[in-house]
Amino acid sequence: MSPGGRLVVLEDGEKFAAQHPSVANVVGEMGFELGDNGDEIRLYDRFGEPVTALVFDDAKPWPCTPDGFGRSLELWDSADPSLPESWFDGCIGGSPGEAYTACDENPIISEINYKSADAFDAGDWLELHNKSASALDLGGWEIRDGDDAHSFVIPLGTSLQAGGYLVFYEDDSKFSALFPQVTNKLGPLGFGLSGDGDLVRLYDAQGLLQMSVCYDDAAPWDEDADGFGYTLENSDYNGNQNNPNNWQSGCYGGSPGTVPGPDCVSATAGTVAETSVLVYPNPANEVLFVQLETGEAAKVRLVNMLGNVVLERSFTGSVELPISALATGVYGVEVVMDSRGHRAMPHAGGLRSFRALQVIAKP
């Protein structure tokens, strides 16, 4: 084996060749298999002397998806193979005989809502995203969680447009009550997603596994998605889908069916050019307060998810917005300030703006 090279040791040459016909740097067959409940691998030299050994497992903190969910265990470069944190979820089918590169997977899972807040319960849902420049025919594809008995078959004729998003919901009445503007949706799934960590899998119309993502409700996964009103938002569409560092808490309530805007702020406070903007409470049901720390003149707008302005006020310093007549849902809050100290107008020069998402939920 050449310096820096790789050699694949096989259990079953026929099975391996059927999946990886172009991989030639192989030896075997071994005559035994590796245990799927954890096992040990030991390497000896030609004289029978031990060279290296490692023990792996299929339980936390070891990666989840290599345990029968399509991916391989990959070792980080120069890492200690005896430590579970030295390993990560590889690509579907692995990358035998060559160095790991980012997996070319499409569509991907772009957002997961596995445990809603009591004040904003849309039920469980997940979102698929088509990264490619062409529409995808998803008819006959199948979504599963960690239980093979939990299955949703995507109806024939379903197409996911280029760059588009498609939401799959657990409970239509809950989801539609909070996101009436979202029409790119399918369901009900017939099952929910576990609040203690779970698996989401995607199979194509031929029954071949195309995507598997394990998430958790504990660190290093973002814990704001665990019943505190936020979603798990995929922050790197080309990165490793099972790396918790590539997921973050999305906006309050999530952004189903669309990409969250760059100005989305999941907290109730923000800073624009050293001006603190407070928008609270979130969620709100009777009155929404907007306050500028500097007490300057500004204009605030509430915008629904269709882009329509439903409420607008000019104010100085702070304002109380009456929202009892507005329907339950997610709204954009836009605060525009005039740096020259005059009343803020949309066409004026020297304006600064703050945007956030606000939930209005009826008790």
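The values are calculated or read from the model by the stated rules, or taken from the named source; none is laboratory data. Owing to the predicted nature of the structure, the values given are computational and were not obtained by experimental measurement. We place every Cβ from the backbone using ideal geometry, glycine too, and count neighbours over all the protein chains shown. Keep in mind that these areas ignore ligands, DNA and RNA; they rest on the heavy atoms of the full protein, side chains included. Shrake-Rupley method; radii C 1.70, N 1.55, O 1.52, S 1.80 Å.
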Subject >> Residue list for region 234-290, restricted to those being at pLDDT 80 or above, open to solvent by 20 Å² or more (accessible area, probe 1.4 Å) and assigned to a strand (DSSP E or B) >> reply: Q248, S249, L278, Y280, V287, F289
Original post:
Going through region 147-173 one residue at a time, which ones are open to solvent by 40 Å² or more (accessible area, probe 1.4 Å), within 14 Å of L189 (Cα to Cα) and part of a loop (DSSP other than H, G, I, E, B)?
Top reply: D147, D148, A149, H150, P155, E170, D171
Original post:
If you scan region 25-40, which residues turn out to be part of a strand (DSSP E or B) and either within 15 Å of S72 (Cα to Cα) or of a type in the set (G, A, S) (or both)?
Top reply: D36, G38, D39
Original post:
If K299 passes every condition in (1) buried (at least 19 other Cβ atoms within 10 Å of the Cβ); (2) of a type outside the set (D, E); (3) modelled with pLDDT of 85 or more; (4) within 30 Å of the chain's Cα centre (by Cα) but one, which one does it miss?
Top reply: (4)
Original post:
How many residues are surrounded by fewer than 18 Cβ atoms within 10 Å (Cβ to Cβ), charged (D, E, K, R) and closer than 28 Å to A225 by Cβ if we restrict to region 76-104?
Top reply: 2
Original post:
Of all residues in region 294-325, which are part of a strand (DSSP E or B) and free of Cβ contacts under 8 Å to residues at least 24 places away in the same chain?
Top reply: V309, V310, L311, E312, R313, T316
**OP:** Taking V51 as meeting all but one of (1) part of a strand (DSSP E or B); (2) surrounded by 10 or more Cβ atoms within 10 Å (Cβ to Cβ); (3) aliphatic (A, V, I, L, M), write down the number of the exception.
**Re:** (2)
Original post:
Among (1) touching a strand residue (DSSP E or B) at 6+ places or on another chain (Cβ under 7 Å); (2) within 25 Å of G146 (Cα to Cα); (3) open to solvent by less than 50 Å² (accessible area, probe 1.4 Å), which single condition is V8 missing?
Top reply: (2)
